[in-house]
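Report on the structure given below.
The values are calculated or read from the model by the stated rules, or taken from the named source; none is laboratory data. Source: prediction; values computed, not measured. Glycine also receives a Cβ, built like all others from the backbone with ideal geometry; neighbour counts cover every protein chain displayed. All accessible areas refer to the heavy atoms of the entire protein, side chains included, with ligands and DNA or RNA removed. Shrake-Rupley method; radii C 1.70, N 1.55, O 1.52, S 1.80 Å.
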Amino acid sequence: MTVSDPEGRAVFEIDRAALTGYQFETRTGTTLICARCGMYAGVILEEGGNMWSVMNVRGLAVPEFKDRVPEPVVYDGETAATRIARRKAKWTPTELKFIG
């Protein structure tokens, strides 16, 4: 289950060696994966020096969301341009900080 807040701000702080990125064929986002345990942390979209993200609240054990019920969504037929526009409008402005 992922969450986002377009009015908020997220900062991913991680050791560069502990992060693996993966892009699906559409190349509309980069999935962030822990290189040590394989946990999916979230997805980022980078464009024009800006970054937006959704966060995996279950994998990251964010306690404020432990009782939230998932809301299924379907994006079948969405074009890459539509997907990017939706993500920029609904995802959280984000900064990626490498530590260590």
Q. When Leu45 is evaluated against the numbered criteria (1) open to solvent by 70 Å² or more (accessible area, probe 1.4 Å); (2) in contact (Cβ under 8 Å) with a residue 24 or more places away in the chain, which criterion, by number, is the only one it fails?
A. (1)
(Q) Looking only at segment 48-86, count every residue that is open to solvent by 50 Å² or more (accessible area, probe 1.4 Å), part of a loop (DSSP other than H, G, I, E, B), in contact (Cβ under 8 Å) with a residue 40 or more places away in the chain and closer than 25 Å to Ala18 by Cα and tell me the total. (A) 1
Q: Inspect all residues belonging to segment 63-72 and state whether any of them is hydrophobic (A, V, I, L, M, F, W, C) and either at pLDDT 95 or above or within 16 Å of Thr26 (Cβ to Cβ) (or both).
A: no
Q: Check Arg27, Arg86, Arg58 and return the single one that is out of contact with any helix residue (DSSP H, G or I) (no Cβ under 9 Å at 6 or more places or on another chain) and among the basic types (Lys, Arg).
A: Arg86
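If you go through segment 21-42, how many residues are assigned to a strand (DSSP E or B) and either loosely packed, with under 14 Cβ neighbours inside 10 Å or not β-branched (Val, Ile, Thr) (or both)? Even if it seems obvious, please write down each step before you answer.
Taking segment 21-42 and keeping what is assigned to a strand (DSSP E or B), we get 21-22, 30-34, 40-42.
Still in the running and either loosely packed, with under 14 Cβ neighbours inside 10 Å or not β-branched (Val, Ile, Thr) (or both): 21-22, 32, 34, 40-42.
Total satisfying the criteria: 7.
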Q: Starting from segment 4-15, take each residue that is in contact (Cβ under 8 Å) with a residue 60 or more places away in the chain and list its partners that are open to solvent by 40 Å² or more (accessible area, probe 1.4 Å) and small (Gly, Ala, Ser), counting only C-beta distances under 6 angstrom and pairs at least six apart or across chains.
A: Asp15/Gly100
